[in-house]
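Chemist: If you scroll down you'll find the structure; I have some questions about it.
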Amino acid sequence: MTVLPWWAAGAALAVTAVGHWIVERRPLGVSGVVARFANVRGELRAEREASRAPTGAEALAAALAEATAEAIAGGELVAAAPSSPAASTAAPATPPGRAPRALGPPAPLLGHAAFLAGLAAGGLLVRLAGARLDAAGALAGHAGAGSLAVLAAGGLLLGFGGAWMGGCTTGHGITGCARLMPGSLLATAVFLATAALVASVLGGARS
Amino acid sequence: MTAAPPARGRALRLAAFGLALGLVLGGSRLADPAFVEAMLTLGRAPGAAPGDALRAWATLACAAGLAGLGFALLARGDALPPRPIRRGTVPGAVLFGAGWALTGTCPAAAFVQLGQGELAALATVAGMLAGSRLHRLARARLGLDGTGCAGA
């Protein structure tokens, strides 16, 4: 059962991809998120180290306070503040006159966990709305006996291949192809052709 | 933006984007392996409903076309990262395509399936995490290129 007609689904995917760039200033993609959770300990360690480095508003405020206290203690109470980075961070980054957007910093791991949880929540809502997969369980029926092993092996190929080509159906197939990026167009053509070939061979073997 | 720490606001926004993507993938059946199989076999898969394959291809083409229009109109001149052809583009895509056919699932769809109550998708997710980790090892040991896409 389909809830969304193809044009509505296509439009919603496009709005999600373009909106994600405009709001987050990061290209929408999923395999990069998976890659982070494949190395979750390393990612957490990197975040801890980054938070210890003196960046961010809190660290900046602390540094300013410390510098002010020193200046007062040293008796050199001169107005040297305008050169501080606080002035530049307080100013709006993009004026309304539409300056080109720069690539933003990557989201913290918590943000990407929320993204994946959102994906699952979307699936749950769709199911609650009544659009379930095949009654017998589409996945269990998909590969027949040993389906879990097939799914795990297929997942392995998805994870390795997606990381190797640097994107997935979302990152290359939609975000990259929409921008006519050569790497994305080639990757999408090759993975669609391979998937069609393998699916046809598998389908022929099964029927 | 005002009182809440920026990390929490960003997590909420990313959750909303994930929710939107999950709703579309679930609602359009692009997270349904039977639908994907119909698409990949051009409707020749056993049990494929007539029109399924066309509907799936039309959805993807519509998405890429309208996103292209959106990027051209709303993001011209922006510093979106380039996606050049690299050494890993073709071999990675071959492996990825084979995985897509085996599972009937792309990486985003696996998480949508979990939400739909398909516990078997845990196997797909575990495989993806292991595959991505293996790639990381291979990149360090064998000098393969590639990473995930710049990411959400």
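The values are calculated or read from the model by the stated rules, or taken from the named source; none is laboratory data. In this text the structure is predicted, and so the values were computed from the model without any measurement. Note: ideal-geometry Cβ built from the backbone for every residue, glycine included; neighbour counts use all protein chains shown.
Chemist: Can you tell which of A:94, A:89 is at pLDDT 50 or above and at negative phi? Before you say what the answer is, go through the steps one by one.
Modeler: Details: A:89 fails: at pLDDT 50 or above.
None of the others qualify; the one that does is A:94.
Chemist: Oh, and also: Out of the residues in region B:1-57 meeting the condition of being under 15 Å from the mean Cα position of the chain (by Cα) and β-branched (Val, Ile, Thr), tell me which one is nearest to residue B:117 (Cα to Cα).
Modeler: The extreme case among them is B:24.
Chemist: Somewhere in region A:37-48, is a residue at pLDDT 60 or above, closer than 27 Å to residue B:112 by Cα, touching a Leu at 6+ places or on another chain (Cβ under 8 Å) and among the polar types (S, T, N, Q)?
Modeler: Looking for residues that are at pLDDT 60 or above, closer than 27 Å to residue B:112 by Cα, touching a Leu at 6+ places or on another chain (Cβ under 8 Å) and among the polar types (S, T, N, Q), one finds none in region A:37-48, hence no.
Chemist: Taking region B:19-46, which residues are closer than 24 Å to residue A:104 by Cβ and without any contact (Cβ under 8 Å) to a residue 60 or more places away in the chain?
Modeler: As a first pass, look at region B:19-46 and keep what is closer than 24 Å to residue A:104 by Cβ: B:19-22, B:24.
Within region B:19-46, B:19, B:20, B:24 meet the criteria.
Chemist: Restricting region B:102-126 to residues that are closer than 11 Å to residue A:153 by Cα and in contact (Cβ under 8 Å) with a residue 12 or more places away in the chain, which is surrounded by the fewest Cβ atoms within 10 Å (Cβ to Cβ)?
Modeler: Result: B:125.
Chemist: Let me ask something else about it. If you scan region A:191-207, which residues turn out to be buried (at least 21 other Cβ atoms within 10 Å of the Cβ) and in contact (Cβ under 8 Å) with a residue 24 or more places away in the chain?
Modeler: Selection gives A:191 alone.
Chemist: Quick one: would you say residue B:72 is closer than 22 Å to residue A:29 by Cβ and either more than 7 Å from chain A (Cβ to nearest Cβ) or in contact with an Asp or Glu (Cβ under 7 Å, 6 or more places away or on another chain) (or both)?
Modeler: Yes: the conditions hold for residue B:72.
Chemist: Check residue B:44 against each of (1) farther than 15 Å from residue A:118 by Cα; (2) modelled with pLDDT of 90 or more and name the one condition it does not meet.
Modeler: The one condition residue B:44 does not meet is (2).
Chemist: Go through region B:80-109 residue by residue and tally those that are in a helix (DSSP H, G or I) and facing chain A (nearest Cβ under 7 Å).
Modeler: Residues that pass the stated criteria total 17.
Chemist: Yes or no: residue A:186 closer than 20 Å to residue B:71 by Cα, at the interface with chain B (Cβ under 7 Å from one of its Cβ atoms) and modelled with pLDDT of 95 or more?
Modeler: yes
Chemist: Look through region B:32-79, keep the residues that are in a loop (DSSP other than H, G, I, E, B) and among the aliphatic types (A, V, I, L, M), and return whichever of them is surrounded by the most Cβ atoms within 10 Å (Cβ to Cβ).
Modeler: Filtering first and then ranking leaves B:45.
Chemist: Under 6 Å by Cβ, and 6 or more places apart or on different chains, what pairs join a residue from region A:25-52 that is under 20 Å from residue A:164 (Cα atoms) and more than 8 Å from every other protein chain (Cβ to nearest Cβ) with one that is at pLDDT 90 or above and assigned to a helix (DSSP H, G or I)?
Modeler: Note: pairs meeting the criteria are A:43/A:36; A:43/A:109.
Chemist: What is the one condition in (1) of a type in the set (Val, Ile, Thr); (2) out of contact with any Phe, Trp or Tyr (no Cβ under 7 Å at 6 or more places or on another chain); (3) more than 24 Å from residue A:114 (Cβ to Cβ) that residue B:124 does not satisfy?
Modeler: Checking residue B:124 against (1) of a type in the set (Val, Ile, Thr); (2) out of contact with any Phe, Trp or Tyr (no Cβ under 7 Å at 6 or more places or on another chain); (3) more than 24 Å from residue A:114 (Cβ to Cβ), the one that fails is (3).
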